[in-house]
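Engineer: One structure coming up, written as structure tokens, with questions to follow.
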Amino acid sequence: MQYTKLPILLVALAVVAMPMSVGAVSSTSYQIIPEAGFLSPSADGYGNADDMLNSTSYQLQGAIEAYAGNPTSSSYQEESGSAFQYYCGDGFLDPGETCDGADLNSATCASQGFDAGTLTCSSACAYVTSACSTSGGGGGGGGGGSPVSGSLNEPEVSDEIVDLEFTYTSPFLLYGTMDEDTEELTVNDDSDDVEFTDDDAWKVSVSLSYGLNSFTLVAIDGSTESDETLYDIYRRLIGDVNQDDSVNDYDLSKFVGLWGGSSRSGDFNEDETVDDYDFSMLVARWGTSV
Amino acid sequence: MMKQLLHSFLVAVVVFVPGLSVHAAGAATMTLDESVYEVTRGELVDVTVSVDPQGESLDTVRAVVTFDPNVVSVQSVRLSGSFDRVAPGNYYDNGSGKISWGAFTLDGPVTAPTSFITITFLGLEEGEGNIQLSSDSRAISNGEERINTAGLGEATVEVAPSVESEPGVAILALESSSHPDGEAWYSNKSVELSWVQLEGDSPIDAYYYSFSTESDAEPNIYLDGETTSLSLEAPNDGIYYFRLKGVQEDGRETSVVGGAVRVDTTAPNAIELSVQDDKILVGESAWFTFATTDETSGVLQYQVAINDSAFQVQTSPLEMEDLPEGTYFFRVAAFDRAGNVIYSGVSVRVYPEGTDLSRVEGYEESGEVQAITTSLQEAAGEMTNNRTLLITVVLGAIALFGIIYVSRKRKN
């Protein structure tokens, strides 16, 4: 090599190296989309991922239970070639259904304005409250009392969710009781999504952000407004047992202390047992912070 | 009203007080079992990290160990003692010379001194290096830091040159048909070993072997000189070391030969496959999260299948795009390094575009997954920044060299 050509070589080297640095800046490693062949079934005659993605041949119908330990489950039924349909009684809470089978959409007797009992779902996908009951007389909980003429009692939030204090999920059903004279109930000054499930019961679905979520409830009867009812609920990051908004060794340590019990602080999947499945959920969020 | 106010106050206490808790230091110490380790180049040495609670009740510990990667390299890290389950986030890096290994126990707090992990190092280069427990190490009791960072151990490791075999002494060549690769994990506890004698002026009169979890155990179990194979059973999951030496009829001993046998017959811990939203519309993504741990060989990979498709390697969180309407059954399989597997499954329903899913105001499509991916992005960003910095330095050096060269050329 001629000595005088060295600078040209150096510049060429720099030009080659430059795209490497640009590429590095824009790299992302976490986002995964279906890869070629990802959806290709092992022995069904479909050759590639596109065929599978656009096919209606692989719909599953019926209630599917999560299972563990066996790669070939008999707990779900596959119907090849059928168009996708959803219907009442398929075990999924589909749009337009109040409930379906065992899926009550988090509702309870209390959320339907009763004090106790067991809520079930009818074959028409509607709530069955015949096994719910109301304790006689007194009218549910503190602050009750009969309405004072010209005034309106403030709405009550159900003890069931008052006692929760925190939750892990974003969708949340807020419900309770109210004065029978209530014509409108606002949640944070908005009454659009509030439903009256009975003469003295209300509910509204809300979306929770991480951290403290505060709601102000006001009952309205014509021009009369009740006092405000304040309700706070905290949404925790799954795995963040010590509530410092990150998941690390200190949460693991606290989690260990809850092992085998039913404390909601470690029961991330809310199956009333702190076990390996909750540990798995903590591990999946290891190093995460909000 | 009073009840609601009281509740608000209680929630505020519950929410904010734990956040104020300080990870205060305590009395627990973490030490190494020797102050000086001696190893011959090419051979293994075990370093045991122990924890002394010193009156604390510990449930979770993590040792962060630094070492000189030019002198020794980590071959394995295994739990030993009362902390019997591996924590997430464990790794060792022979490039930077760092180990971060955590463990915990579900059998009640540890209050007595115990060993914690055993690290097997390979002597790389003749010389001397340090092995040190870093102040990032942790000893935690119910979420509170209890380590005394002044009580962290350190040691020196001395690597001696390898010994040349003595002329006239036999060399043994050892192999395993059941566990041929000493670095690989197997789900088979039955170990088949065989060896041959090479060279040597005198026949072998007897062999002696050891088969234990100690990498430097003295071979002291007798075999007659005619034996050339052996079947052993690993009593439990773990890393075992087979060591063999021969004694010639002239009384001289061969060098000890050996190899590691890694056995893991236990599937990883249970996995919970979570889906961000089990009801989505056509055109939206389905997000899944999954993870678990494995006490012995560690989790190698996750594979995901949809309906009855083949399993494919994926990582968490997993985004699935472009699913046509229908119901999908997702399965995830976690494989450890020995091939043991555990499964979990969850279903998702994809509705036609325009279907009213009655989502509430403020619906977050991927609120939680966002938190996870943000953490991953930040980590990727750090790596990217380091790489960018390195490339910039290299480019700068090339340019500088070019300028110096041109200016010298002009002077001439």
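Engineer: Can you confirm whether B:VAL157 is closer than 28 Å to B:SER210 by Cα and loosely packed, with under 15 Cβ neighbours inside 10 Å?
Structural biologist: no
Engineer: Which condition does B:GLN197 not pass, out of (1) in the same structural domain as B:PRO235 (by TED's automatic domain parsing); (2) closer than 30 Å to B:ALA63 by Cβ; (3) at pLDDT below 90, if it passes all the others?
Structural biologist: (2)
Engineer: Okay, moving on. So A:SER289 passes all but one of these: (1) under 27 Å from A:LYS203 (Cα atoms); (2) at the interface with another protein chain (Cβ under 7 Å from one of its Cβ atoms). Which condition number does it fail?
Structural biologist: Only one criterion is unmet by A:SER289, namely (1).
Engineer: If you don't mind, another one. With the requirement that a residue be closer than 29 Å to B:TYR186 by Cα, at the interface with chain A (Cβ under 7 Å from one of its Cβ atoms) and touching a Leu at 6+ places or on another chain (Cβ under 6 Å), what does the range B:308-333 give you?
Structural biologist: B:SER309
Engineer: Sticking with this structure for a sec: Identify the single condition in (1) assigned to a loop (DSSP other than H, G, I, E, B); (2) closer than 23 Å to B:ALA103 by Cα that B:PHE335 does not satisfy, given that it satisfies every other one.
Structural biologist: Of everything listed in (1) assigned to a loop (DSSP other than H, G, I, E, B); (2) closer than 23 Å to B:ALA103 by Cα, B:PHE335 misses just condition (1).
Engineer: Also: Within the range B:41-90, take every residue that is of a type in the set (Val, Ile, Thr) and more than 24 Å from B:GLY259 (Cβ to Cβ) and give me the one that is farthest from the other protein chains (Cβ to nearest Cβ).
Structural biologist: B:THR66
Engineer: Kindly indicate the residue of the range B:95-112 that is away from chain A (no Cβ under 14 Å) and polar (S, T, N, Q) and also nearest to the chain's Cα centre (by Cα) among those meeting that condition.
Structural biologist: If we take residues in the range B:95-112 being away from chain A (no Cβ under 14 Å) and polar (S, T, N, Q), then B:SER96 is nearest to the chain's Cα centre (by Cα).
Engineer: Can B:SER57 be described as touching a Pro at 6+ places or on another chain (Cβ under 6 Å) and at pLDDT below 95?
Structural biologist: In short, yes.
Engineer: Identify, from the list A:THR229, A:THR216, the residue that is surrounded by fewer than 16 Cβ atoms within 10 Å (Cβ to Cβ), in contact with a Ser or Thr (Cβ under 8 Å, 6 or more places away or on another chain) and at pLDDT 90 or above.
Structural biologist: A:THR216 is the lone residue from the list that is surrounded by fewer than 16 Cβ atoms within 10 Å (Cβ to Cβ), in contact with a Ser or Thr (Cβ under 8 Å, 6 or more places away or on another chain) and at pLDDT 90 or above.
Engineer: Residues that are closer than 30 Å to B:GLY345 by Cα, at least 2 per element: which strands (runs of 3 or more DSSP E) completely within the range A:182-290 meet that?
Structural biologist: A:201-207, A:229-235
Engineer: Do we have A:PHE279 as facing chain B (nearest Cβ under 7 Å), surrounded by 24 or more Cβ atoms within 10 Å (Cβ to Cβ) and either of a type outside the set (A, V, I, L, M) or touching a Gly at 6+ places or on another chain (Cβ under 7 Å) (or both) here?
Structural biologist: yes
Engineer: Mind listing whichever residues of the range B:230-263 are more than 27 Å from B:ARG337 (Cα to Cα) and part of a loop (DSSP other than H, G, I, E, B)?
Structural biologist: B:GLU249, B:ASP250, B:GLY251, B:ARG252, B:THR254, B:SER255, B:VAL256
Engineer: Hey, can you tell me all the residues within the range B:194-229 that are part of a loop (DSSP other than H, G, I, E, B), crowded, with 17+ Cβ neighbours inside 10 Å and either among the hydroxyl-bearing types (Ser, Thr, Tyr) or touching a helix residue (DSSP H, G or I) at 6+ places or on another chain (Cβ under 7 Å) (or both)?
Structural biologist: Of everything in the range B:194-229, those that are part of a loop (DSSP other than H, G, I, E, B), crowded, with 17+ Cβ neighbours inside 10 Å and either among the hydroxyl-bearing types (Ser, Thr, Tyr) or touching a helix residue (DSSP H, G or I) at 6+ places or on another chain (Cβ under 7 Å) (or both) turn out to be B:THR213, B:SER215.
Engineer: Now a separate question. Quick check on the range B:291-311. Is at least one of its residues part of a strand (DSSP E or B) and without any contact (Cβ under 8 Å) to a residue 24 or more places away in the chain?
Structural biologist: yes
Engineer: Oh, and also: Test of understanding: among A:CYS132, A:CYS125, which residue is under 30 Å from A:TYR234 (Cα atoms), surrounded by 16 or more Cβ atoms within 10 Å (Cβ to Cβ), of a type in the set (A, V, I, L, M, F, W, C) and at pLDDT below 90?
Structural biologist: A:CYS132
Engineer: Also: Cβ contacts < 6 Å: first residue in contact (Cβ under 8 Å) with a residue 24 or more places away in the chain, restricted to the range B:26-54; second residue crowded, with 20+ Cβ neighbours inside 10 Å and of a type in the set (Lys, Arg), any location; separation 6+ or different chain. Result?
Structural biologist: Sorted first by the residue in the range B:26-54, then by its partner, the pairs are B:GLY26/B:ARG146; B:ALA28/B:ARG146.
Engineer: For a quick check of your reading: which strands (runs of 3 or more DSSP E) sit entirely within the range B:113-189 and have at least 1 residues that are modelled with pLDDT under 95 and among the aliphatic types (A, V, I, L, M)?
Structural biologist: Those strands (runs of 3 or more DSSP E) span B:114-123, B:138-141, B:147-152, B:154-160, B:171-176.
Engineer: What residue, of B:ALA291, B:ALA338, B:ALA305, B:ALA270, is under 23 Å from the mean Cα position of the chain (by Cα) and more than 7 Å from every other protein chain (Cβ to nearest Cβ)?
Structural biologist: Of the residues listed, the single one that is under 23 Å from the mean Cα position of the chain (by Cα) and more than 7 Å from every other protein chain (Cβ to nearest Cβ) is B:ALA338.
Engineer: Might you check whether a residue that is among the small types (Gly, Ala, Ser), surrounded by 22 or more Cβ atoms within 10 Å (Cβ to Cβ) and under 30 Å from B:LEU193 (Cα atoms) occurs anywhere in the range B:285-292?
Structural biologist: So far as the range B:285-292 goes, no, none of its residues is among the small types (Gly, Ala, Ser), surrounded by 22 or more Cβ atoms within 10 Å (Cβ to Cβ) and under 30 Å from B:LEU193 (Cα atoms).
The values are calculated or read from the model by the stated rules, or taken from the named source; none is laboratory data. All values reported here derive from a predicted model rather than from experimental measurement. Neighbour counts are summed over all protein chains in view; Cβ atoms, including those assigned to glycine, are modelled from backbone coordinates with ideal geometry.
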